[in-house]
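Structure first, commentary second.
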Amino acid sequence: MTAFRKILIVWLSASLCLNCFGQTSDTASVDTEEAHTIILSPGRAKPLAFLYAASARADIRVGPKEIEQTIQLQLRIVQGDNLKGESISLGLGGVGDVFDVQGESIASWAVRTLDKLRYLDLHLKPTDGDKGDGKNSDKTATIRIRSEHLEPP
């Protein structure tokens, strides 16, 4: 490769790099003995972390042999998207068995125990419209929990 061709390639590379960073230059000086080619790749932007907010309202029915709670859950995707079907974990306090979870956006659910703490894991159905921008990001679910009366001491 001739020296002129090396200089031309390095000058073009330097020009492209300067343009990538919003700087332009009409002239570039290059030492042919120390010339190197640098290739910049913008790569992919990392997706935003999946963040959500949850609020709940509980209605409690006390019967002669059991207590049943019906919890209306409101979920809002605050950031990120739900293109793959994300999972949401909610802490469960008290006693009682979760026996039903309903909601249009709920694909499946499970109760998980870690040490002595219980969590309700909700797996959301993947959707194209959940971008965490306040549009199509509200979800609702109904959770039903039942527990037997405890005998007084």
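We did not get these values from a lab; they are worked out from the coordinates using the rules stated. Please read these numbers as outputs of a predicted model, since none were measured by experiment. In this analysis, Cβ positions are derived from the backbone assuming ideal geometry, glycine residues included, and neighbour counts consider all displayed protein chains.
Sorted by mean Cβ packing within 10 Å, highest first, what order do the peptides 45-56, 101-112 take? Before the final figure, lay out the partial values.
Working: 45-56: 11.2, 101-112: 14.5.
For the peptides 45-56, 101-112, the packing ranking is 101-112, 45-56.
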Fill in the blank from the handout: Here the net charge surrounding residue 49, from other residues whose Cβ is less than 11 Å away from its Cβ (Lys, Arg +1; Asp, Glu -1), is -1
Practice task
Subtract the Cα-Cα distance of residue 62 and residue 87 from 0.36 nm times their separation in residues, and report this length gain in nm to one decimal.
Solution key: 5.8 nm
Problem - Listed pairs 65/125; 65/116; 65/139 exceeding 28 Å between Cα atoms - result: 65/125; 65/139
